Amino acid sequence: MHKIFSKINKEKNSNQGFTIVETLVALAIFSSSIVFLIVVSSGGVSNTTLAKSRLTASYLAQEGVEAVRNIRDTSVIADPSGEGWSTFISSTSSCTGTQGCNIDPSSLDICACTGSTCNIPYSEASGYFGYDQSHDSEASGYFGYDQSHACDLPSGSIASPFTRTIFILQIPETAANDVLVTSKVTWYQGVSEQTITYQNILMDWQPHISAI
């Protein structure tokens, strides 16, 4: 009888030990699953943030090229004598340097890039990049720098993470009046620098009429 009870107790102890092992294995699997989900979730959030930043940077880079195009068209239209292109080239001379420039798309003010002047302003109140706080958004629709002080940060705005640098380069291989406009927007995603570049070639579309 004693042997029978001893055998039963051994089996019970053996079953209890196996249950503890199963529990530990289950906890290990569960913990690994939680860690995996956290890693996947954090990676998804990071990818979403990067995608959003890249989309914003793409628009800002394209805006830079369109600002240069606007200056070109404004200069040409304002001078029917045929000197509008020369005016455009001289007015954007600060964009031909190695440091480039930035342009307020609303006022078309041009700023040579020195220090933080090429940081694009961001209004926390309105959620707009470069929104001028002195104007009503629906009435004016201004996006850019402070209209009263060229390239200064508007009141109530901060320097956004995005920096836009615009370069204008004459293309020697093409017609003498062709220029390559490069608008580069950079920002940091964590410790990694990200860059979006938008380029376009602008030409002198104004007809030149020789004097008779």
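The values are calculated or read from the model by the stated rules, or taken from the named source; none is laboratory data. Computed from a prediction, not measured in an experiment: that's the story for all the values here. Positions of Cβ are generated from backbone atoms using ideal geometry, with glycine treated the same way; all protein chains shown enter the neighbour counts.
Laid out as a table, the results:
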quantity: Residues within region 71-110 that are part of a helix (DSSP H, G or I) and under 19 Å from A61 (Cβ atoms), tallied; calculated: 4
quantity: Region 194-211, subset modelled with pLDDT of 90 or more and of a type outside the set (F, W, Y), residue nearest to N47 (Cα to Cα); calculated: Q194
quantity: Candidates I171, I166, I158, filtered to the one that is buried (at least 19 other Cβ atoms within 10 Å of the Cβ) and modelled with pLDDT of 70 or more; calculated: I166
quantity: Test: residue in region 81-89 that is within 17 Å of Y198 (Cβ to Cβ), surrounded by 18 or more Cβ atoms within 10 Å (Cβ to Cβ) and either among the hydrophobic types (A, V, I, L, M, F, W, C) or modelled with pLDDT of 90 or more (or both); calculated: no
quantity: Yes/no for V65 being modelled with pLDDT under 85 and either within 24 Å of Y188 (Cβ to Cβ) or polar (S, T, N, Q) (or both); calculated: no
quantity: Single unsatisfied condition, G190 versus (1) surrounded by 14 or more Cβ atoms within 10 Å (Cβ to Cβ); (2) at positive phi; calculated: (1)
